[in-house]
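Notes to accompany the following structure.
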Amino acid sequence: MNNLTSTTGPGDYDLFDHLVECIENQGYAILPGALPMALVDGLYLHLKSLDTERFKPAGIGRQADEMNNPFVRTDRIRWLDPSVPVMAAYLDWTEQLRLAINRRVFLGLFDYECHFAHYPSGAYYKRHLDAFQGERNRVLTTVCYFNPNWQPGDGGQLLIHDPQTGELLETVQPAYGTMVVFLSERFPHEVLPAQRDRYSIAGWYRVINNQQGRIDPPR
Ligand code: OGA
Ligand code: MN
C-alpha cells in the first residue's frame, strides 16, 4: 500500500471503522478528508486537465430513463478511465473500502462503478433515489467533491432527505475532499443549482442481482 491508498483517517481511529459505524447507525456518512489529500489533489489536477466540454449529458445511452432526463438532471459526466494512474489509485482506494465494508457488515458488495460529474453554473439534479428497492443492484453510493474554496453562496449543496418523512436530514457543502457515502436505495437526495462549476466523482458499489443472476455490464 502506498501513501495514496493509506486508510488512516485523522487521529488514531480507523476511518473505515468510523464509516461503517455511521452506515450501520444512520445509513450514511459525511466525511471531510476521507481520501488521502495527495489523492484528492491528484484527482483534482487530472480533472482540470480534462476537457469538460466533452463530458456527456448524464443519462444519454443505456440508462436514458425517467431518472436521467434533462428535466431531472443537467450535470455532465465522464466514466473514469482506470488506465490513468491517479484513477487507478482512486479505484484502489475504493477497492480497499469495499473489502473493509464486506469484512465488517453484510452488504456483499461486489463491484464499483464511478464517473466524474461536472455541474456547470446553473446545473442541478432533482430529488431522486440512486436505486429502486427490489432491484438490489446499486447498494452504496459514494460522492467525493473537488471544489476548492466552495462558499455556501455558491449553491450546489447535496440535500439528503429522511426516507420516511421526507424531512431534510443533511445539507452537504461540496467542499474539496469531502466524501459522502449513503445507502442507495434508502435516501432521497438532490443537488441544488450550482452557481459556479462544481466537480465530483459519483460512484456506486453494486451487488450481483440474484433475481436476474447477473450484474449490469460495465458502461
Ligand atoms: C448522483 C448524485 C450527488 C452529488 O450523481 O446520483 O446524486 O452531490 N450526486 O453530486
Ligand atoms: Mn444520486
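Couple of notes before you dig in:
- Separation of the residue 48 and residue 22 label points, Cα + 7 Å toward Cβ, nm: 2.6
- In terms of Cα atoms, the Rg and Dmax of segment 90-139 work out to 14.4, 41 Å.
- For segment 123-168, the Stokes-Einstein estimate of translational diffusion at 20 °C and a viscosity of 1.002 mPa s comes to 161 µm²/s, using the Kirkwood hydrodynamic radius over alpha-carbon pairs.
- Sequence of 160, 30 once ranked by neighbouring C-beta atoms within 10 Å, starting from the fewest: 30, 160
- Ordering 79, 204 by the number of other Cβ atoms within 10 Å of each residue's own Cβ, fewest first, gives 79, 204.
Laboratory data are not the source of any read-out in this text; all were calculated from the coordinates shown. None of the values given here were measured: they were computed from a predicted structure. Methodologically, a virtual Cβ is constructed for each residue, glycine included, from the backbone with ideal geometry; neighbour enumeration extends over all protein chains shown.
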